[in-house]
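Derivation of every value follows stated rules applied to the coordinates shown; laboratory data play no part. On a predicted model such as this, the values are computed, not experimentally measured, just so you know. Cβ placement follows ideal geometry from the backbone for every residue including glycine, while neighbour counts extend to all protein chains displayed.
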Amino acid sequence: MTTAPFGSWSSPINADLIVSKSVSIGEVFVGGVDVWWSEARPEEGGRVQLVRHRPGGGAIDVLPEGFGARTRVHEYGGGAWWLHGSDVVFVNWSDQRLYRLAAGTSTPTPLTPEPADRHGDRYADGRFTADGRWVVCVRERHESADAEPINEIVAVRVHHNGEPAEPIVLVSGSDFVAAPRVDPSGNVLTWFRWNHPDMPWDGTELCVASMYDDQSDDGQIVVGDTRVVAGGRDESISQPEWAPDGSLLFISDRTDWWNLYQVSAEAVHELVANGVAADATPIAPVDAEIGVPQWVFDNSRYAVLADGRILVAWFKLGIDHLGVIPAGGGAMVPLESPFTALSSVRAFGYGAVVVGASPTSEAVVAVLDIPSKPDIDGSTAVLSAPLRPARDLGIGTEWYSTPEPITFATSGDRFAHGLYYPPTNPEFTAPDDERAPLIVLSHGGPTSAARPQLNLGVQFWTSRGFGIVDVNYGGSTGYGRSYRRRLIGEWGIVDVDDSIAATRLLVDRGDADRDRLIIRGGSAGGFTTLSALTFRDVFAAGCSLYGVADLEALARDTHKFEARYLDSLVGPWPGRSDIYTERSPIHHVEDLECPLIVLQGLEDEIVPPNQSQMIVEALDANGVPWAYLEFEGEQHGFRQAATIKRALEAEAYFYSKVLGFDLADDVEPIDIAHL
């Protein structure tokens, strides 16, 4: 074992390894005996490919060259493709039109007309009707740059003669709609909706309406009066699903936790037909989160299994778990599983398929065999067979830093949470009298959460001798509605307080060097980073990735989905513009005296490049060391392999020069002003 200063350790976890054959697995669907999933591939310029796994035949790519399944609805996307048997309908990234790739064919055919303006019509979050004749989905229509887009639920003909037909509008009038799902009979449509200034994790309404399809070749679908099942401005509802018996399942946080509820088929019928209010019954209540925030479409956190049981993913104290609810109700039985982060839970055969990851494994697509009886200790083993295994990285798990869930005291006599990753390298140790530099991660959102899964971007740092703390500050999800709402009116305060409190804990424990503290974050996490560097004197360096510098500019310039997000996080705008000025780092640049590297995509429509450029100009005027890199072709979040590699190596180079250690890697230098 070699003794060397923290930060200077050599590691096989380098930028080339991180981007080589890396993928980000998205949604999973089941078509008969086949399992399909989506993969975002940095080495293909961020293209999203669909992959099909056939029993005994392995996995094959589905989409031909020139096509990729990704939607721009809400700019964050999700829910960009749907299955009916072996037919797939998807949103093509380049033109945002819907295409069908029919079973046995290799060339997609367009289902929707080409709009007058490029990307003028965008689609997401759909499902086929049971007969496969229609897709019912969300459409976001951009008619004018001076007006907000119109969000509606539409029906699209899957089989058409001649030119693609204009979709039929089924539901309109709300600012936002999501999750249109048709019941097994084909006669009832459900969805949820919300309006400005709320976000979907603040307040939504679950709705139903009768639906009639006249079954003719050039047929029409007609939707009846809207009935509200549940919800309101103080209740967040998500993931409505129809059970095989016609009952309606959904997730609600009405008791502080996102838990599962059910409305019987009879109650749904009475509500639709006669307007009789429907009672929702809680299913196996737990003090844990089944739901997740609706940043992207088509999150799936539970599934009804073939035998009537319900498989759920539930989040507690920073870690995902699995559980099964007996058919007909009863207490949830916790399940053993190798995964600590879960998504896209779907029924498959007599078991299920999920996307799962752990601190020592990147995300995999895994089939779960769920035994029918629990072990005597109350838990049931889950056998996992990966259909899409993790990359073979060629390194052992001894290189991976395993996160420690931490809870710590913070401002307001409260507690906050995080995940601490200690420096880990089997070939190096530091001198006994040295403490490690610490990187504080501020997750995006800010209504989101740190996830305990193998992230080579984290391991890049820990294997070089940095500690990492991924902070789930007040306002994060996974700890109940009241914890999530700590950030109401307090963005830029609570998140910064909690990030500093986590830092103090680790300094006091001897895990971190108080003189080498770094904070980094992207998007909303970039705002937390910039706020901490501007208004507090704790950190020695920072990194802002497409971070928010001017709250008023964000409120004025951002896209529809987040246009009123700051009303709750900061205050009504422009009525409380004084708070926006008070909280915005750009208005206090005289206090920004900490070295900073800024990374920005030039096609970002969520946090436009001018936000980063304003901060760089301020740093330059103050004579503070700074570096600024812009990336062509990148939106909100970096997806191209060359960008990911360059950004990571530039950040490491910047820290080595600012903090004064020798970087073991041979990386391309960057220009650092005032150093």
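In plain terms, the residue of W134, W82, W258, W242 with the fewest other Cβ atoms within 10 Å comes first and the most crowded comes last, giving W242, W82, W134, W258. For the pair A130 and L383, label points projected 7 Å from Cα toward Cβ lie 3.3 nm apart. May I ask you to derive the FRET efficiency for N610 and D245 from their Cβ-Cβ distance with R0 = 45 Å, giving the value to the nearest 0.05? Between N610 and D245 the formula returns 0.25.
Within a Cβ distance under 12 Å of T3, other residues only, what is the Lys/Arg minus Asp/Glu net charge? Result for the neighbourhood of T3: -4. With the highest mean first, a sort of the peptides 463-471, 353-361 on other beta-carbon atoms found within 10 angstrom per residue produces 463-471, 353-361. Rounded to the nearest 20 debye, the dipole magnitude of the chain is 1140 debye, with +1 charges on Lys and Arg beta carbons, -1 on Asp and Glu beta carbons, and the Cα centre as origin.
Share of pairwise Cα-Cα distances greater than 21 Å in the range 194-302 is 40 percent (whole percent).
Packing-based ranking of 452-459, 323-330 yields 452-459, 323-330, ordered from highest to lowest mean Cβ neighbour count within 10 Å.
Take every pair of alpha-carbon atoms less than 8 Å apart whose residues are at least six positions apart; their mean separation over the length of the chain yields a relative contact order of 11 percent. Farthest towards the positive end of the charge dipole of the chain, among the residues G445, A145, S584, is the Cα of G445, using unit charges on the Cβ of Lys, Arg, Asp and Glu. Against the chain, whose longest principal axis comes from its Cα atoms, helix 494-508 is set at around 50 degrees. Once R0 is set to 30 Å, what does the formula 1/(1 + (r/R0)^6) return for the Cβ-Cβ distance between D666 and S24, expressed as a FRET efficiency to the nearest 0.05? Once the sixth-power term is evaluated, E becomes 0.60. Here the spin labels are modelled as points 7 Å beyond Cα on the Cα-Cβ line, and at D508 and D225 they lie 6.0 nm apart. Across the range 1-148, Cα-Cα distances exceeding 23 Å account for 44% of all pairs. Summing charges over neighbours of V268, with a neighbour being any other residue whose Cβ is under 13 Å away from its Cβ, gives -4 when K and R count +1 and D and E count -1.
Once Rg and the Kirkwood radius are both taken over the C-alpha atoms of the range 300-390, their ratio Rg/Rh works out to 0.94. Listed by chain and number, the lysines whose C-alpha is less than 26 Å from the C-alpha of K373, apart from same-chain residues fewer than 8 away, are K316. Multiplying the residue separation of A306 and D433 by 0.36 nm and subtracting their alpha-carbon distance yields 39.8 nm. Taking 27 Å as the straight-line reach from the Cα of K645, the lysines in range (excluding those fewer than 8 positions away in the same chain) are K21, K657. With a cut-off of 13 Å between beta carbons, the residues surrounding P405 carry a summed charge of -1, where Lys and Arg count +1 and Asp and Glu -1. For Q215 and A331, the FRET efficiency from 1/(1 + (r/R0)^6), where r spans their Cβ atoms and R0 equals 45 Å, is about 0.55.
The magnitude of the dipole of the range 346-431, with charges of +1 and -1 set on the Cβ of Lys/Arg and Asp/Glu and taken from the Cα centre, is near 360 debye.
Alpha carbon centre of the range 599-675 versus the range 13-27: separation in Å? The range 599-675 and the range 13-27 have Cα centres spaced 20 Å from each other. Whole-Hz Karplus values for the range 291-296 come out as x, 9, x, 7, 6, 10 Hz, taken residue by residue from phi with 6.51 cos²θ - 1.76 cosθ + 1.60 and θ = phi - 60°; glycine and proline positions read x. Dipole of the range 300-390 computed with +1 at Lys/Arg Cβ and -1 at Asp/Glu Cβ about the Cα centre; of S372, A306, F339, farthest Cα towards the positive end is A306. Think of each Lys and Arg Cβ as +1 and each Asp and Glu Cβ as -1; about the Cα centre, that makes the dipole of the range 300-390 roughly 260 debye.
Against the main long axis of the alpha-carbon atoms of the chain, helix 524-535 sits at an angle near 30°. With helices as the sole contributors, the chain gives -4500 deg cm²/dmol at 222 nm; each DSSP H run of n ≥ 4 counts as -39500 (n - 2.57), and the sum is divided by every residue.
Max-minus-min Cα coordinates of the chain on each principal axis give 75, 61, 52 Å, with the largest extent listed first. The length gained by stretching the chain between L675 and E590 to full extension, at 0.36 nm per residue less their Cα-Cα distance, is 28.8 nm.
Here each label is just a point 7 Å from Cα along the line to Cβ, and for A277 and D234 those points are 1.4 nm apart.
Applying both filters, DSSP loop and at most 13 other Cβ atoms within 10 Å, to the trypsin sites (Lys or Arg not before Pro) of the range 486-558 gives R509. Note on the range 125-191 and the range 561-586: Cα centroid distance 33 Å, given to the nearest whole angstrom.
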